[in-house]
Amino acid sequence: MHKPGIVGTIAKVCGWAGLALLIAFGWLMGCQSVQTPPFKAANSVLPTNVMPFTDYQSAVKTWLAEHRQAVKFDVSDEVELNTPFECGQHSTRGILLVHGLGDSPYFFRDISKPLCEQGFWVRTILLPGHGSQPGDMLNAEYRLWQSTVDFHVEAFSHQVSTLYLGGFSTGANLVTVTASSREDIAGLLLFSPAMLPNFFVTRLAPWVTGLFPWPNVEPEDNPARYNSIAMQGFAAYQGSVDAVQHVLDNHKLSVPYFAVLAEGDSVVDVQSVASQLTECFTSPQSQLLWMGANDTAPEIAKVQLLPLISERVLAASHMSMLFEPNNALYGPGGSVRICDNGQPETIEQQCPDASPGELWYGPWGQEGDGKIVTRLTFNPYFDDMMSSLQDFLQRTSQAN
């Protein structure tokens, strides 16, 4: 998921009247946007149901090579960043990881290496509409995303004896829905699970995709995720919210989870999600990692606190937990800096050329009192999070 953007902001501030005006404006903006190639959908859809996994990788890579619109590096390099990968092959313990809205398998590069070194077979997939160009999100459908996850879970389950499912944001919704219908899932790894959005406008997305196709058009400069998201993408995300809420409304899930929530998450209603995790999951082995202050932590029996006291970090963000500080793209010295962070334009203009020592980090919308705030795209406590995750996997895999 991405920041609420202008749609969510106006809907909150101005209510329905403001949103109606915005939709009218967005319709005109959308008509202009789709005239350029990055905002047109391809005539074919990303391959999904292909096995064995090496053939799936090859099919996806070939498709991306034909459809990827490079934004920062060579096409071949960006195709590699967005292609599904695996490591630790042939272990009997597997982990399938599913990315979020607008994102890519690259989001799991940093956590996969230590997991494979721990003896797990880690595998990632690419959801249709992703990895190529924003226009392909015009063909996004929740049911296609869910069936893609279901297919790869079923295929992987025949290759390992112990299987975990993990997801970031929208991906966490998808793997939770899949796990609810299976009895062979050893645990869920939920990073910024977007089970309840922090803004109302996504509920309208399925109804306004034709009127307002592009609510969030920005320059594309991020090789592993889209900056622009079509309304159809938000509609597909809302489909995942509706599906996971249906599951949680009607089931108590015995599968244990390891969840990570950021106090400053601008995308997810983290307090409500924490409450749902407590009420709807019954395993005593479940664990929540709360990245924030002690006085904001939810009242959950097994909650571990990581209060952000790291220098120049104001609060944790939605996307911050998956990347270690030395990540080549998203670390403080990385090649991608997200300056579009909801701050005043005069401050934002200083961000691209600011030195690392001048920057502060936080979630979208973080107030800086004149400070230059860029998006926190790395986890100052990455090693602590991985240590807790590895402990969880050790405990739960021994129980299976």
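If r is the Cβ-Cβ distance from S387 to E141 and R0 is 25 Å, what FRET efficiency results, to the nearest 0.05? Rounded to the nearest 0.05, the efficiency is 0.05.
When the listed pairs K72/K371; K40/K61; K40/K371 are checked against a 29 Å cut-off, the alpha-carbon distance exceeds it for K40/K371.
Applying the criteria of a DSSP loop state and at most 13 other Cβ atoms within 10 Å to the GluC sites (Glu not before Pro) of the stretch 321-400 yields E367. Loop-located trypsin sites (Lys or Arg not before Pro) in the stretch 101-187 (DSSP state not H, G, I, E or B) with no more than 14 neighbouring Cβ atoms inside 10 Å: R182. Over the stretch 164-250, what is the relative contact order in whole percent, taking alpha-carbon pairs under 8 Å and six or more residues apart? For the stretch 164-250, the relative contact order is 30 percent.
Calculated mean residue ellipticity at 222 nm for the chain: -11500 deg cm²/dmol, from DSSP H runs with n ≥ 4 weighted as -39500 (n - 2.57), summed, divided by the residue count and rounded to 500.
Using R0 = 56 Å, the C-beta based FRET efficiency linking E117 and K252 works out to 0.95.
With a sphere of radius 14 Å drawn around the Cβ of A235, what net charge do the other residues whose Cβ falls strictly inside it have (Lys, Arg +1; Asp, Glu -1)? Mind dumping the intermediate values first?
Numbers: positive: R143, R203; negative: E141, D242.
In short, 0.
Taking θ as phi - 60° and the Karplus parameters 6.51, -1.76 and 1.60, the scalar couplings of the stretch 199-205 work out to 9, 6, 4, 5, 5, 7, 3 Hz in sequence order, x denoting glycine and proline. About its Cα centre, the dipole of the stretch 309-359 is roughly 160 debye, where the only charges are +1 on Lys and Arg Cβ and -1 on Asp and Glu Cβ. Kindly point out which whole DSSP H helices in the chain project their C-alpha atoms 18 angstrom or further along the helix axis while averaging a Kyte-Doolittle hydropathy of -1.0 or above. Helices meeting the span and hydropathy rule in the chain are 5-33, 53-67, 142-157, 231-250, 382-398.
Cα-based radius of gyration for the stretch 93-246, normalised by 2.2 N^0.38 Å, reads 1.04.
In order along the stretch 372-381, phi translates into HN-Hα couplings of 7, 9, 10, 5, 6, 10, 9, 10, x, 10 Hz, rounded to whole numbers, per the Karplus curve 6.51 cos²θ - 1.76 cosθ + 1.60 with θ = phi - 60° and x for Gly and Pro. Each listed q (0.19, 0.23, 0.26 Å⁻¹) maps to a log10 I(q)/I(0) for the stretch 82-144 from the Debye sum over equal C-alpha point scatterers, namely -0.69, -0.87, -1.00. Multiplying the residue separation of N49 and D221 by 0.36 nm and subtracting their alpha-carbon distance yields 58.9 nm.
Pairwise alpha-carbon distances in the chain exceed 40 Å for 10% of all pairs.
Suppose a student asked you for the relative contact order of the chain, using Cα pairs under 8 Å spaced at least 6 residues apart; what percent would you report?
15 percent
Annotation: amide H of G166 within the under-5 Å range of L96, L97, V98, L189, sequence separation 5 or more or interchain, hydrogens built in the peptide plane. Treating r as the C-beta distance of V75 and K40 and R0 as 30 Å, the FRET efficiency rounds to 0.95. Note on the stretch 89-124 and the stretch 215-251: Cα centroid distance 21 Å, given to the nearest whole angstrom. Can you say what percent of the DSSP beta bridges in the chain, counting only those with both residues inside, are antiparallel? Round to 5. That works out to approximately 10 percent antiparallel. Extending 7 Å from the Cα toward the beta-carbon at both Q349 and E66 defines two label points whose distance is 4.5 nm.
Which ordering of I372, I95 is given by a fewest-first count of other beta-carbon atoms within 10 Å?
Ascending number of Cβ neighbours within 10 Å: I372, I95.
Of the residues R312, R93, R337, which exhibits the maximal mean-square fluctuation in a Gaussian network model of the chain defined by a 10 Å Cα contact cut-off? Answer for the Gaussian network model of the chain: R312. With contacts taken as Cα pairs under 8 Å at a separation of at least 6 residues, the stretch 148-195 carries a relative contact order of 42 percent. Placing unit charges on the Cβ atoms only, positive for Lys and Arg and negative for Asp and Glu, gives the chain a dipole magnitude near 540 debye about its Cα centre. When the chain is treated as a Gaussian network with alpha carbon springs shorter than 10 Å, the biggest mean-square fluctuation among N216, N250, N173 belongs to N250. Taking 0.36 nm per residue of separation and subtracting the current Cα-Cα distance, fully stretching the chain between R312 and F200 would add 37.2 nm. Annotation: amide H-H contacts under 5 Å for F281 (H modelled 1.01 Å from N, sequence separation of 5 or more, or interchain): L253. Under 5 Å between amide hydrogens, built in the peptide plane, is the criterion, and for L289 it picks out A259, V260, L261, Q304 among residues at least 5 positions away or on other chains.
Projecting the Cα atoms of P215, I338, Y56 onto the charge dipole of the chain (Cβ charges, centred on the Cα centre) puts Y56 farthest toward the positive pole.
Throughout, read-outs are computed from the coordinates displayed, never taken from laboratory work. Keep in mind the model is a prediction, meaning the values are calculated, not measured. So basically every Cβ, Gly included, is an ideal-geometry build from the backbone, and we count neighbours across all protein chains shown.
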